[in-house]
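Asks: My questions all concern the structure below.
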Amino acid sequence: MIDKNLIIDGGAAPGIVVSGSGLSRVFQIASRVDAEVRSLVVTGGKTADGAPGEDAEGGGGILNLGTLRLVECVVHGNRTGHGGSGAQVYPPDPAAFAGNGGSGGCILSQGTLILEANSVGANKAGKGGGTCIYCDPGTRPALARPGGTVRAISSRGHLTVRPTARRETHS
């Protein structure tokens, strides 16, 4: 959790990899925080699967709730969890339905996100959980809820994308 204003710059040592090792999200930027991440490889992030009936969390690689400037980074190989399974009930009960897969396999931003000269790929959003509606074997198959809505970047806040990085010059 990044909970204070900071800059992480891997430019002096190219190829630095920051990984969630398939066990956790790589970065989470708290609300009211200004963060800048430069020249890193962000990979292996994953959010947990949803509990039964619950949605999985979004932002497999990065969850941004504040202001994040991501510059010249490679963000790949991250994923969100699958939605939780639903209950097996008849007659159908809306409260028993399964959860949705998480959105934003790469990044889920609910704040301000500025992307400059990044490479994003091979990120995945989780699948929805299955729900047995009729629960009588041979009647109907289980129904599944939707998976995550976006494999790469899901922004519910302000998003700026620049194809090249802005260099700050001082006179």
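Asks: Any idea of SER21's accessible area? Nearest 10 Å², probe 1.4 Å.
Replies: Estimated to the nearest 10 Å², SER21 gives 90 Å².
Asks: Heavy atoms of the protein only, probe of 1.4 Å, neighbouring chains included. What is the accessible area of ASP34 in Å², nearest 10?
Replies: 90 Å²
Asks: Here is a follow-up. Might you work out the accessible area of VAL26 for me, using a 1.4 Å probe with all protein chains in place, and round it to the nearest 10 Å²?
Replies: Only protein atoms counted, so the area is about 30 Å².
Asks: How large is Rg/Rh for segment 35-85, to two decimals, with Cα atoms and a Kirkwood Rh?
Replies: My calculation puts Rg/Rh at 1.09.
Asks: Here's something else I'd like to know. FRET efficiency for THR164 and ALA48, Cβ-Cβ distance as r, R0 = 35 Å, nearest 0.05?
Replies: E(calc), rounded to 0.05, equals 0.45.
Asks: So between ASN5 and VAL74, what do we pick up on full extension, going 0.36 nm a residue minus the alpha carbon distance?
Replies: Values: separation 69, 0.36 × 69 = 24.84 nm, distance 2.18 nm.
Here the answer is 22.7 nm.
The values are calculated or read from the model by the stated rules, or taken from the named source; none is laboratory data. Just so you know, these numbers come straight off a predicted model, no measurement behind them. When we count neighbours, we look across all protein chains shown, and the Cβ atoms used for this are built from the backbone with ideal geometry, even at glycine. Calculation scope for accessible area: heavy atoms of the full protein, side chains included, ligands and nucleic acids excluded. Shrake-Rupley method; radii C 1.70, N 1.55, O 1.52, S 1.80 Å.
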